[in-house]
Amino acid sequence: QVQLVESGGGLVQTGGSLRLSCAASGLTFSRYAMGWFRQAPGKEREFVAAIERSSGRTYYADSVQGRFTISRDNAKNTVYLQMNSLTFKDTAVYYCAADMFFSTVVRGTGMDYWGTGTLVTVHS
């Protein structure tokens, strides 16, 4: 059974940083592109960042470009999202997801697997 378990969410002040982790099990992690998505209250889920299987290519939403960094450790079956310079607009439930194709992750639909999410709340 495939599981994606996010952690690292919490309460942070504006301008602060958090690092999210997503631990994967039940799949050959290195064969999957990974992504981070988020859903703010009252809004649709949106793409945040993606990383290809070999950790070479990454892609970001314009809203987080330059502030967020996605990375992965295939030896630990874990993908990370380093979030800096957080604002209240970053408040959301953050989800990780996996798919065998980088393009699918970027598109954000039809993903093979999803995690259950971790809440990030940015306050002033």
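The values are calculated or read from the model by the stated rules, or taken from the named source; none is laboratory data. Keep in mind it's a predicted model, so treat the numbers as computed, not measured. Glycine also receives a Cβ, built like all others from the backbone with ideal geometry; neighbour counts cover every protein chain displayed. Surface areas here come from the heavy atoms of the whole protein model, side chains and all, with no ligands, DNA or RNA. Shrake-Rupley method; radii C 1.70, N 1.55, O 1.52, S 1.80 Å.
Please verify whether V120 is open to solvent by less than 10 Å² (accessible area, probe 1.4 Å), touching a residue at least 60 places away in the same chain (Cβ under 8 Å), touching a Gly at 6+ places or on another chain (Cβ under 8 Å) and farther than 19 Å from G9 by Cβ, treating the condition exactly as stated.
When the stated conditions are applied, V120 does not pass them.
Going by the conditions given, is D99 open to solvent by 20 Å² or more (accessible area, probe 1.4 Å) and among the charged types (D, E, K, R)? For D99, the condition - open to solvent by 20 Å² or more (accessible area, probe 1.4 Å) and among the charged types (D, E, K, R) - is not met.
Of L11, L18, L4, all but one fail to be open to solvent by 70 Å² or more (accessible area, probe 1.4 Å), in contact with a strand residue (DSSP E or B) (Cβ under 8 Å, 6 or more places away or on another chain) and under 18 Å from G117 (Cα atoms); the exception is L11.
Checking S103, S17, S85 one by one, the residue that is without any contact (Cβ under 8 Å) to a residue 24 or more places away in the chain and of a type in the set (S, T, N, Q) is S103 and no other. Of the candidates A61, A50, the single residue that is farther than 19 Å from G9 by Cβ, surrounded by 12 or more Cβ atoms within 10 Å (Cβ to Cβ), modelled with pLDDT of 95 or more and of a type in the set (A, V, I, L, M) is A50.
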